[in-house]
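A.B. asks: Structure below; questions to follow.
The values are calculated or read from the model by the stated rules, or taken from the named source; none is laboratory data. Note that the structure is a prediction, hence the values are computed from the model and not measured. Cβ sites come from the backbone with ideal geometry, for glycine too, and all protein chains shown count toward neighbours.
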Amino acid sequence: MRRRMIGLVRKEFAQIVRDRPLVIILLWAFTAAIYSAGQGRATETMNLATAVYDLSRGPASREFVSHLQPPYFKTVAYLDHEADVATWLDRGKAALVVIIPPDFQREVDGIGQAHIQVLTDGALAMPATVSIAYIAAISARYSVDVLERRAGMSANTLIRGPIIDERLRVKFNPNMSSSWFAALLELLNMCTMVSLLLTAANLVREKEHGTVERLLVSPARPVEIFLAKIIPTVLLVLICSGLSFVFVLVPAFDLPIRGSLVLFFSVTALYVFAMTSMGIAIALVARNMAQAVLMMILILQPMIFLSGAWNPPEAMSPWLRGISLLSPLRYFIDFSFGVILKGNGGLTLIWDIVGIAALGIVLFTFSLWWFERSLRVTT
Amino acid sequence: MASRLAAVVRKETREVLRDPIYLVLAIVVPLVVTTLLALGFVLDVKNLPVAFYDEDRSPLSRDYMSAFTNSEYFRLVKMAGSRDEVDQLLESAAVRAAVVIPPDFSRKLGAGDAASVQVLVDGTFPSRALVASGYIGAIDAQFAATLRAAHLARQGLIRSSVVPVSVEGRVWYNPSLETKNSLVPGLMVISLMFYPALLAALVLVREKERGTVFNLYCSPVSRWEVIIGKAVPYVGLAFFVYFLLLALNLFVFQVRFVGDPFVLTAAALLYIVASVGFGLLISVFCTTQVAAMLVTFIALMTPSILFSGLMTPVSGMERSAQIISRFIPASYFITMVRGVFLKGLGFGHFAFDLVTLGTFAAVVYGIAILGFRKRAG
């Protein structure tokens with residue numbers, strides 16, 4: 001029996017490795033794609049392209065504008081005409097326009113109040129609101145400078161004033177480094193995608209070519225055929241994940257590995273086993289590759305995007321949250337972040353592991369049962 | 001010649017129509033996935049759940065807290081009774097931010113000193129954490145400026161206690177700041193790149209795997225007739241799906257739409273032609289359906305999401321990312337989609353985007369036709 005298994009596994013492996021474009025895209029998926037996801041996320045939200053429409057053109061307005069600094073703002077243009085304001089926002093060349101009124105200098109030098117207007121492009125709600133908040137903070141700090149000047153204090157007359165000393169602490173992801181987060185998440189997504197697609201596609205291909213029959217008349221039992229389809233994918237995904245740790249995650253993003261990698265890779269193997277079982281179930285239902293692909297997307301996309309990694313669960317409706325409990329990816333993300341970023345051990349994460357294992361066993365038994373049933377029908 | 005092209009189109013159309021399960025899936029899957037993602041993803045930047053732990057319990061600390069609760073950006077969930085409760089609220093994700101006001105808050109501020117306030121923000125979702133810390137920073141700075149003005153006025157050092165500079169923010173195009181207005185049309189951009197390309201990517205490799213590609217090799221049809229003929233039915237199918245997605249946007253999610261549907265439809269057609277072309281290009285160069293599938297998933301989808309400006313404005317990206325985004329058709333279509341849906345811009349604004357998309361399509365089909373060699377091996 002063992003010899004038979006080894007033979008089958010070797011056959012599956014050879015089939016994958018001999019497909020040159022497939023090998024290239026797999027390597028790309030676990031290295032360059034993960035790198036670009038991490039990089040892409042790192043550039044998020046900051047350096048908002050800012051256009052300034054300065055009607056005052058005095059030293060005061062120049063001083064104010066000089067506070068619009070990276071990493072929050074990047075001044076891309078000084079506008080001369082009112083019509084430009086709409087053009088820059090319409091074209092999306094600027095994410096916001098700061099309008100400084102003509103009386104800015106007079107008000108700042110006098111005792112009144114100057115009103116600055118900020119127009120933001122609401123097409124992206126998050127940067128639109130956050131930029132207004134940042135400018136409000138800048139103008140409040142600038143106001144304090146103006147107040148001190150009005151009160152006749154120079155920089156060397158040290159006077160204390162009421163200040164709120166804000167001690168900001170970000171919990172759970174201290175430096176808000178979204179590149180770790182995004183890169184690790186992308187690795188988990190790749191594991192999901194590759195293990196599902198590869199197995200399903202391999203089995204569908206055998207169905208399309210009619211070579212399933214060849215397997216069926218061979219002395220191999222259905223369990224063996226199954227395991228032979230699953231094992232190569234598991235090994236391949238483990239090897240590729242290892243590569244992405246060695247070549248991308250650690251060197252490029254300084255991913256801190258706080259927990260045990262042995263634990264991580266063992267559970268990854270378990271997870272890939274669950275996903276490949278799901279792939280086999282799909283392959284058994286679908287008649288051809290095109291059908292199989294669409295069914296997989298129907299499962300994959302919601303799974304990846306509603307895993308709770310992109311958006312907080314409170315944003316999801318309760319029934320959607322209920323469905324997400326059925327997704328193995330959800331447990332896997334919890335587990336991986338726990339092991340790698342928080343250094344948790346197997347005991348703390350036992351429920352995630354149980355969740356993955358339970359879903360894996362259910363999917364495996366289901367597809368095995370379905371496969372044996374369809375055998376009886378065809379023979 | 002025209003009849004040969006028509007024959008290829010007819011054959012390919014029949015193949016699609018004769019697989020009803022496939023046809024139904026091809027139409028229904030984009031709609032279902034878009035609906036699920038739209039429901040799960042709509043995340044408003046307003047009403048961030050927040051908790052306070054007020055150890056000072058003074059009129060001043062109440063003023064300070066009302067600066068938060070009066071803004072529409074925070075929603076007070078609970079006044080915590082202890083420091084432990086604050087941690088527990090954050091850990092259970094009942095709140096995404098918490099502010100701890102020390103017992104000497106009003107005393108220190110009254111004396112013109114610095115009072116330290118502890119702000120705790122949940123960093124699990126970086127972009128949300130950024131919004132939260134941005135707002136809290138703004139509220140703190142403004143509260144301090146107001147106090148400073150009052151303080152100096154009390155000491156008679158300035159004549160009026162008004163804060164010298166005020167900021168009025170106005171949000172254009174999406175005044176109610178609803179995320180769905182940018183998200184749901186954005187999902188359409190991704191769908192119309194992904195599905196047409198994926199389905200078209202399987203077309204030629206399928207024939208290669210089955211061996212029926214030899215029929216094409218030895219038939220009189222020329223290379224361009226094969227590629228164009230195979231593209232037509234998929235463009236038609238995707239165009240049909242586009243109308244359904246548009247209806248989903250307008251009638252189910254009631255996304256703000258101020259522009260001209262005709263402009264959008266013209267842009268969508270060009271975009272679909274380009275994405276089907278990308279699929280065929282992949283199909284020409286891959287030998288198995290598995291590989292074609294993975295290439296579409298990884299090489300087409302991820303960059304379209306990351307660099308098109310779907311999540312973050314391209315204008316703020318780094319130079320290298322901006323250059324990448326220029327080579328992604330989704331960047332141009334997303335500009336047009338937002339321009340039409342939210343900004344109400346007309347054809348005149350999109351000349352450049354339309355020409356670029358057209359160029360993309362021409363190049364992609366060109367390479368696909370040249371790459372498809374009518375010989376074995």
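A.B. asks: Considering every residue within region A:102-125, establish whether at least one is within 25 Å of B:Asn174 (Cα to Cα), out of contact with any Asp or Glu (no Cβ under 8 Å at 6 or more places or on another chain), more than 7 Å from every other protein chain (Cβ to nearest Cβ) and not in a strand (DSSP E or B). Step through it out loud before you land on a result.
C.D. replies: Quick first cut of region A:102-125, residues within 25 Å of B:Asn174 (Cα to Cα) only: A:115-125.
Remaining after also requiring out of contact with any Asp or Glu (no Cβ under 8 Å at 6 or more places or on another chain): A:119-124.
Restricting the remaining residues to those that are more than 7 Å from every other protein chain (Cβ to nearest Cβ) gives none.
Checking region A:102-125: not a single residue is within 25 Å of B:Asn174 (Cα to Cα), out of contact with any Asp or Glu (no Cβ under 8 Å at 6 or more places or on another chain), more than 7 Å from every other protein chain (Cβ to nearest Cβ) and not in a strand (DSSP E or B).
A.B. asks: Which of the numbered conditions does B:Val32 fail, given that it passes all the others? Conditions: (1) in a strand (DSSP E or B); (2) under 32 Å from the mean Cα position of the chain (by Cα); (3) modelled with pLDDT of 90 or more.
C.D. replies: (1)
A.B. asks: Okay, moving on. Quick check on this structure: which one of B:Leu245, B:Leu250, B:Leu216, B:Leu204 is farther than 13 Å from B:Val8 by Cβ, at pLDDT below 95 and out of contact with any His (no Cβ under 8 Å at 6 or more places or on another chain)?
C.D. replies: On inspection, the qualifying residue turns out to be B:Leu250.
Here is a yes/no grid of residues against (1) over 29 Å from the mean Cα position of the chain (by Cα); (2) in the same structural domain as B:Tyr64 (by TED's automatic domain parsing):
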{"residue": "B:Val95", "(1), (2)": "no, yes"}
{"residue": "B:Val100", "(1), (2)": "yes, yes"}
{"residue": "B:Ala114", "(1), (2)": "yes, yes"}
{"residue": "B:Val119", "(1), (2)": "yes, yes"}
{"residue": "B:Arg128", "(1), (2)": "no, yes"}
{"residue": "B:Ala141", "(1), (2)": "yes, yes"}
{"residue": "B:Thr146", "(1), (2)": "yes, yes"}
{"residue": "B:Ser160", "(1), (2)": "yes, no"}
{"residue": "B:Pro164", "(1), (2)": "yes, no"}
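A.B. asks: Something else now. Would you pick out the residues in region B:158-194 that are more than 7 Å from chain A (Cβ to nearest Cβ) and among the hydrophobic types (A, V, I, L, M, F, W, C)?
C.D. replies: Correct list: B:Leu183, B:Val184, B:Leu187, B:Met188, B:Val189, B:Ile190, B:Leu192, B:Met193, B:Phe194.
A.B. asks: Let me ask something else. Within region B:71-93, restricting attention to residues that are outside any helix (DSSP H, G or I) and more than 14 Å from every other protein chain (Cβ to nearest Cβ), which residue is nearest to the chain's Cα centre (by Cα)?
C.D. replies: Only one residue fits best here, namely B:Leu76.
A.B. asks: Of these, A:Phe305, A:Phe264, which one is without any contact (Cβ under 8 Å) to a residue 24 or more places away in the chain and either surrounded by fewer than 23 Cβ atoms within 10 Å (Cβ to Cβ) or closer than 30 Å to B:Ala200 by Cβ (or both)?
C.D. replies: Numbers: A:Phe264 fails: without any contact (Cβ under 8 Å) to a residue 24 or more places away in the chain.
After ruling out the rest, the residue left standing is A:Phe305.
A.B. asks: Would you point out which residue out of A:Leu22, A:Leu79, A:Leu48, A:Leu26 is at the interface with chain B (Cβ under 9 Å from one of its Cβ atoms) and at pLDDT 90 or above?
C.D. replies: Selected residue: A:Leu26, the only one of A:Leu22, A:Leu79, A:Leu48, A:Leu26 that is at the interface with chain B (Cβ under 9 Å from one of its Cβ atoms) and at pLDDT 90 or above.
A.B. asks: Got a number for residues in region B:216-238 being in a helix (DSSP H, G or I) and surrounded by 17 or more Cβ atoms within 10 Å (Cβ to Cβ)?
C.D. replies: Summing the residues that are in a helix (DSSP H, G or I) and surrounded by 17 or more Cβ atoms within 10 Å (Cβ to Cβ) in region B:216-238 gives 14.
A.B. asks: Hey, can you tell me all the residues within region B:111-157 that are more than 7 Å from chain A (Cβ to nearest Cβ) and of a type in the set (Lys, Arg)?
C.D. replies: Scanning region B:111-157 gives a single hit, B:Arg154.
A.B. asks: Also, quick follow-up: Quick one: which residue in A:Glu107, A:Glu82 is free of Cβ contacts under 8 Å to residues at least 40 places away in the same chain and over 42 Å from the mean Cα position of the chain (by Cα)?
C.D. replies: Working: A:Glu82 fails: over 42 Å from the mean Cα position of the chain (by Cα).
After ruling out the rest, the residue left standing is A:Glu107.
A.B. asks: Also, quick follow-up: Scan (1) surrounded by fewer than 21 Cβ atoms within 10 Å (Cβ to Cβ); (2) part of a helix (DSSP H, G or I) for the single condition A:Ile230 breaks and write down its number.
C.D. replies: (1)
A.B. asks: Considering B:Val295, B:Val284, B:Val314, which residue is on the phi < 0 side of the Ramachandran plot, within 12 Å of chain A (Cβ to nearest Cβ) and buried (at least 24 other Cβ atoms within 10 Å of the Cβ)?
C.D. replies: Just one listed residue meets the conditions, B:Val295.
A.B. asks: Next up: Please state which one of A:Val194, A:Val212, A:Val146 is over 40 Å from the mean Cα position of the chain (by Cα) and either modelled with pLDDT of 85 or more or among the β-branched types (Val, Ile, Thr) (or both).
C.D. replies: Answer to the check: A:Val146.
A.B. asks: Mind listing just one residue for me: the one in region A:85-101 that is more than 8 Å from every other protein chain (Cβ to nearest Cβ) and touching a residue at least 40 places away in the same chain (Cβ under 8 Å) and, of those, surrounded by the fewest Cβ atoms within 10 Å (Cβ to Cβ)?
C.D. replies: Among those that are more than 8 Å from every other protein chain (Cβ to nearest Cβ) and touching a residue at least 40 places away in the same chain (Cβ under 8 Å), it is A:Pro101.
A.B. asks: I'm told A:Ala201 meets every condition in (1) modelled with pLDDT under 85; (2) farther than 23 Å from A:Asp352 by Cβ; (3) buried (at least 17 other Cβ atoms within 10 Å of the Cβ) except one. Can you identify the failing condition by its number?
C.D. replies: Of everything listed in (1) modelled with pLDDT under 85; (2) farther than 23 Å from A:Asp352 by Cβ; (3) buried (at least 17 other Cβ atoms within 10 Å of the Cβ), A:Ala201 misses just condition (1).
A.B. asks: Moving on. Just one of (1) assigned by TED's automatic domain parsing to the domain that holds B:Ile101; (2) touching a residue at least 60 places away in the same chain (Cβ under 8 Å); (3) of a type in the set (Ser, Thr, Tyr) trips up B:Ser82, so point out which.
C.D. replies: (2)
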